[in-house]
1. Relative to the longest principal Cα axis of the chain, at what angle does helix 58-83 sit, 0 to 90 degrees, rounded to 10?
2. What is the distance, in nm, between label points placed 7 Å from the Cα along the Cα-to-Cβ direction at residue 283 and at residue 28?
3. Roughly speaking, what is the centre-to-centre gap between region 5-34 and region 161-217 when only Cα atoms are used, to the nearest Å?
4. Over the chain, with a Gaussian network built from C-alpha contacts below 10 Å, which listed residue (57, 152, 182) shows the highest mean-square fluctuation?
5. May I ask for the angle, rounded to the nearest 10°, between helix 97-117 and the longest principal axis of the chain, with both axes built from Cα atoms and the value confined to 0 to 90°?
6. Going by average Cβ density within 10 Å per residue, which order do the peptides 16-24, 116-124 take, highest to lowest?
7. For a quick check, take a GNM of the chain with Cα springs below 10 Å and name the residue from 115, 267, 127 with the largest mean-square fluctuation.
8. Using 0.36 nm per residue of separation minus the Cα-Cα distance, give me the extension gain between residue 105 and residue 197 in nm, one decimal.
């Protein structure tokens, strides 16, 4: 009978947790996907790139809300069990409170491993793959790339303005400003412009215009033309395509930290570090923060799983039960916030990092010992 009770308990906890996790993640993902519409609207990229990029950001949402949703699920189901007198069934069948806590603790360890797998493997790889879609995709210059009477700076280093856009997609009274480095620029005006392709590469054909180029010593050059081809294939969009620190694989992240530890001893940064994107001393703070997010924050999972069981200290008939529910929820919410806010204090100071990393372990041991001592006299060895 005890096995049946524990199976039901696990089913109720996990089913509510998974339903809440994925439903919440989907809602957040939909709102986030709307923000990603700039990939199509501003960059003029293909719909497939937008869909792929949006879907590949879903694991990141899951890992972000995982701790709080887990705590909330256990908190809610535990209250539900208490209000429906289901916990009394456990106690009447000889199930002791410390046994329930031990059972949940074992499940929390498995969930912590799942979260670590998410943060160390699934999320970095999905984020890197999403970025690769932007790197390898081309800007679509033939849809709604340029809108009339609006400045468009989608192309990096180039600003385009058209007074009018015809139904066929041609541009009238067109202005272009191109940055050519060293505070120099090139401004082009044309009465008409057409997007086209040469050998599969996008160009802008300009008609009846002039180009003004700045040179050294504030000199300007003015060249008129009746027709000119303006190549767009050499330019990149303003969308970030360079891999971020959060997209570095966990193995490379650990290698980079190892190179830095060797640097502290030898004062010489290993040349192999150049093979790892963003692995530089100036970025080491972000590297260490990313390590903390992936490997340390998941340790809060077992801790957050234990917090709701402060509710079983007292029954619903007790006058302090309502206050206990509020205190328990606030405590759990505080720990979720703490796990996120401590990231900003991670630095190249390893002693400080060690202290911050030890918080969840110390809290976990303290709370478990409290429960053990609280219920030890009722504990019966099977």
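1. The helix 58-83 is inclined about 30 degrees to the chain.
2. Each label point is offset 7 Å from its Cα along the Cβ direction, giving 2.5 nm.
3. If we compute the Cα centre of each part, the gap is 52 Å.
4. 182
5. Around 20 degrees separate the two axes.
6. Averaged packing, sorted descending, gives the order 116-124, 16-24.
7. Of 115, 267, 127, the most mobile in the Gaussian network model is 267.
8. Stretched fully, the residue 105-residue 197 segment lengthens by 26.9 nm.
Every read-out reported here was derived from the displayed coordinates using simple, explicitly stated rules and does not represent laboratory data. All values derive from a computational prediction rather than experimental measurement. Quick reminder, even Gly has a Cβ in these numbers, built from the backbone with ideal geometry, and neighbours come from all protein chains shown.
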